[in-house]
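Scroll down for the structure; my scribbles are underneath it.
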Amino acid sequence: MKTILITGASRGIGAATALLASEHGFKVAVNYNNNRDAAESIVEKIRLNGGQAKAFQADVTKEEEIKRLFEQVDTDLGNLTSLVNNVGVLERQSLMENISKERLQRIFEANTLSTFLCCKEAIQRMSIKYGGVGGTIVNVSSIASRTGAPFEYIDYALSKGAIDSLTIGLSKEVANEGIRVNAVRPAFIFTDIHADGGEPNRIERIKETIPLKRGGLSSEVAEAILWLASDKSSYSTGIFLDVTGGR
Ligand code: NAP
C-alpha cells in the first residue's frame, strides 16, 4: 500500500485531497498546524470508510518540525511514496508598496520554504540512489503565479512563482531517480483562505469574469492532485494543471 503525506490537510483543498487519496488506496498522513480537531475528523472519516490515516501536527515553516514530521510518518505509516505540498497562506489584500519585508518573509516561509524543505525530505526517502522506490511530488501553486495578483497580494504571487520554478527544475533533477514532480494551479476555490485575505466573498465578486461563471470546489482540485500523484499520470513530469474555471 502506498503512503501519501499531505501538508495542511485539516481543511480546504488539503482535506479534500486526503479523503480522495484514501479512496485511491493510499495510507494518508494528514498534516495540520493548529486545528487538531479538524485534522482528527478527516482521519475519522477515512477510517470509517475503511481507509488508513493518521494526523500529524507540524508547523512546516520550521525545518526541525518538518524533519520530525517525516520521521513520524516513516514510523507510523511506512515508506513515503507521494508528497503533496499543499500548505499555502495569504495575508490581507494590499497594494505592493504597503507590504512589509516581514510579511514577505512570512509568506515565503509558509509557501515556498516549506515546499522546498519538504521536497528535500521526500527525495531522501524516494530516490533510487538512496534506496527508495521512486514516487510523486505534487506542489499546490496558484493561478497567481501567472497573473501576479495585482491589487491583492503580489507577495503571495511571488511565493507561488517560485514554486513553479522549483517544480520545473526539480522535475528534471530527479526524473532519473524515479520521482515525478508536478504542480496544480487552482483559482477561486471555495475555502476559508479568502477570509484570511480579508474578503470572504471574493469569489462572488469575481465569478462573472470566470469563463465557467462559478467558483470551484476543493474536491475538483483534489481530482487533479490525485491524478498527478498516481500512476495514471506516469508519463507526465514538470507539468502544471490549471484548475481555474477557464481563467
Ligand atoms: P486553507 O483552507 O486556508 O487551508 C490551509 C491549510 O494549511 C490548513 O489546513 C492549515 O492548517 C494549514 N497550514 C497553514 N499554515 C501551516 C503551517 N505552517 N504548517 C502546517 N499547516 C499549515 O487553504 P486552501 O484554500 O485549501 O489552499 C490550499 C492550497 O491551495 C494553498 O497552497 C493555496 O495557496 C492554494 N490555492 C488555493 C486557492 C483557493 O481559491 N482556495 C487558489 C489558488 C491556490 P491549520 O488550520 O491546522 O493550522
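Kirkwood hydrodynamic radius, computed over distinct alpha-carbon pairs, for the stretch 49-100: how many Å, to one decimal?
14.0 Å
Looking only at Leu104, Leu77, Leu19, which one moves most when the chain is put into a Gaussian network model with springs between Cα atoms under 10 Å?
Its mean-square fluctuation being the largest, the pick is Leu104.
Can you compute 3J(HN,Hα) from phi for each residue in the stretch 216-233, using the Karplus curve 6.51 cos²θ - 1.76 cosθ + 1.60 with θ = phi - 60°, rounded to whole Hz and x for Gly and Pro?
So the Karplus estimates, Gly and Pro as x, are x, 9, 4, 5, 6, 6, 4, 4, 5, 4, 5, 4, 6, 6, 9, 5, 4, 9 Hz.
Counting each DSSP H run of 4 or more residues in the chain as -39500 (n - 2.57), what helix-only mean residue ellipticity at 222 nm follows after dividing by all residues, to the nearest 500 deg cm²/dmol?
That calculation yields -13000 deg cm²/dmol at 222 nm.
On a full-extension model of 0.36 nm per residue, what is the gain between Leu48 and Glu97, subtracting their alpha-carbon distance, rounded to one decimal in nm?
This chain segment gains 12.7 nm when fully extended.
Give me the dipole magnitude in Debye, nearest 20, for the chain about the Cα centre, with unit charges on the beta carbon: positive for Lys and Arg, negative for Asp and Glu.
With Lys and Arg at +1 and Asp and Glu at -1, about 440 debye.
Round to the nearest 0.05 the FRET efficiency obtained for Ala38 and Ser236 when R0 = 30 Å and r is the Cβ-Cβ distance.
Given R0 = 30 Å and the Cβ-Cβ separation, E is 0.40.
Enter the angle in degrees (range 0 to 90, nearest 10) between the Cα long axis of helix 36-48 and the first principal axis of the Cα atoms of the chain, meaning the one along which they spread out most.
Computed tilt is about 50 degrees.
Given all pairs of different Cα atoms, what value in angstroms does the Kirkwood hydrodynamic radius of the chain take?
17.9 Å
Give me His194, His24 ranked fewest to most by other Cβ atoms within 10 Å of their Cβ, as a rough exposure proxy.
His24, His194
Can you list the equivalent-ellipsoid semi-axes of the stretch 200-247, largest first and in whole Å, using the square root of 5 times each Cα gyration tensor eigenvalue?
Over the Cα atoms of the stretch 200-247, the semi-axes work out to 27, 11, 7 Å.
Near Leu104, within a Cβ-to-Cβ distance under 11 Å, what is the net charge of the other residues, with Lys and Arg +1 and Asp and Glu -1?
-1
Taking the Cβ of each residue in Val221, Val84 as the centre, tally the other Cβ atoms inside 10 Å and list the residues starting with the fewest.
Val221, Val84
On a 29 Å Cα-Cα criterion, which of the cross-link pairs Lys172/Lys232; Lys27/Lys172; Lys101/Lys213 come out too long?
Cα-Cα > 29 Å for Lys101/Lys213; rest within.
Give me the one-decimal nm value for the distance between modelled label points at Thr147 and Leu217, 7 Å along each residue's Cα-to-Cβ direction.
The two pseudo-label positions are separated by 2.2 nm.
All of the numbers you see were taken from the coordinates with simple rules; none came from a lab. Treat the numbers as computed from the prediction; the structure is a model and nothing was measured. Neighbour counts are summed over all protein chains in view; Cβ atoms, including those assigned to glycine, are modelled from backbone coordinates with ideal geometry.
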